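A quick write-up on the structure given underneath.
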Amino acid sequence: IHGEEICNLRTHLDLSRKQIKLIPLEIINLLNLKMLYLNNNIITIIPKQIDNLLNLEKLYLNDNKITILPIEIGNLLNLKILNLGYNQIKTCNIFEKLTNLNVLYLSGNRIEIIPTEIGNLLNLKEL
């Protein structure tokens with residue numbers, strides 16, 4: 001098995017509680033990734049290339065130090081669970097196309113205005 005094939009086999013990755021400051025760009029090559037746990041780290045920036053993970057269904061970025069959400073997260077159309085709780089996010093205008101979201105956690109941030117696009121998330125069961 002070659003390295004590229006290994007990347008394609010992985011569907012779950014848990015890097016929670018690892019004191020990660022930057023999301024390793026190697027993760028972006030895990031094209032079959034469905035669940036990504038990066039919670040409880042010290043991440044400040046999400047790479048724009050996150051939208052390469054088109055099969056991602058669950059993304060846990062809670063309990064970090066994220067301040068800005070790249071608009072590219074909005075291209076992860078298969079997301080069902082997005083946990084962004086307990087960061088330092090002030091604005092979040094990424095939800096327009098995330099119509100498959102069932103669960104969205106934003107508590108513990110510095111969000112001043114709730115984006116109107118959240119009203120379009122008809123599958124949302126938990127906010």
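Which pairs do you get when a residue that is of a type in the set (Val, Ile, Thr), found in the range 93-109, comes within reach of a residue that is part of a strand (DSSP E or B), reach meaning Cβ atoms under 8 angstrom, with the pair 6+ apart or on two chains?
Val103/Ile81; Val103/Leu82; Val103/Asn83; Val103/Glu126
Tally the residues that are assigned to a loop (DSSP other than H, G, I, E, B) and either hydrophobic (A, V, I, L, M, F, W, C) or surrounded by fewer than 13 Cβ atoms within 10 Å (Cβ to Cβ) (or both), restricting the search to the range 86-127. Can you show your working first?
Going through the range 86-127, the residues assigned to a loop (DSSP other than H, G, I, E, B) turn out to be 86-102, 106-115, 121-125, 127.
From what's left, either hydrophobic (A, V, I, L, M, F, W, C) or surrounded by fewer than 13 Cβ atoms within 10 Å (Cβ to Cβ) (or both): 89, 92-95, 98, 101, 106-107, 110-114, 121-125, 127.
Result for the range 86-127: 20.
For Asn78, state whether it is surrounded by 13 or more Cβ atoms within 10 Å (Cβ to Cβ), within 12 Å of the chain's Cα centre (by Cα) and among the polar types (S, T, N, Q). Step through it out loud before you land on a result.
Values: surrounded by 13 or more Cβ atoms within 10 Å (Cβ to Cβ): yes; within 12 Å of the chain's Cα centre (by Cα): yes; among the polar types (S, T, N, Q): yes.
Criteria met by Asn78.
Among (1) assigned to a loop (DSSP other than H, G, I, E, B); (2) surrounded by 20 or more Cβ atoms within 10 Å (Cβ to Cβ), where does Leu36 come up short?
It is condition (1) that Leu36 fails.
Within the range 46-85, which residues are among the aliphatic types (A, V, I, L, M) and touching a Ser or Thr at 6+ places or on another chain (Cβ under 7 Å)? Before you say what the answer is, go through the steps one by one.
First pass over the range 46-85, keeping only residues among the aliphatic types (A, V, I, L, M): 46, 50, 53-54, 56, 59, 61, 66, 68-69, 71, 73, 76-77, 79, 81-82, 84.
Listed by number, the list holds a single entry, Ile66.
When you go through Leu36, Leu31, Leu25 one by one, which is the residue that is among the hydrophobic types (A, V, I, L, M, F, W, C) and modelled with pLDDT of 95 or more?
Leu36
The values are calculated or read from the model by the stated rules, or taken from the named source; none is laboratory data. Every value quoted in this text rests on a predicted model; they were computed, and no experiment measured them. A quick note on method: Cβ atoms are made from the backbone with ideal geometry, for glycine too, and the neighbour counts reach across all protein chains shown.
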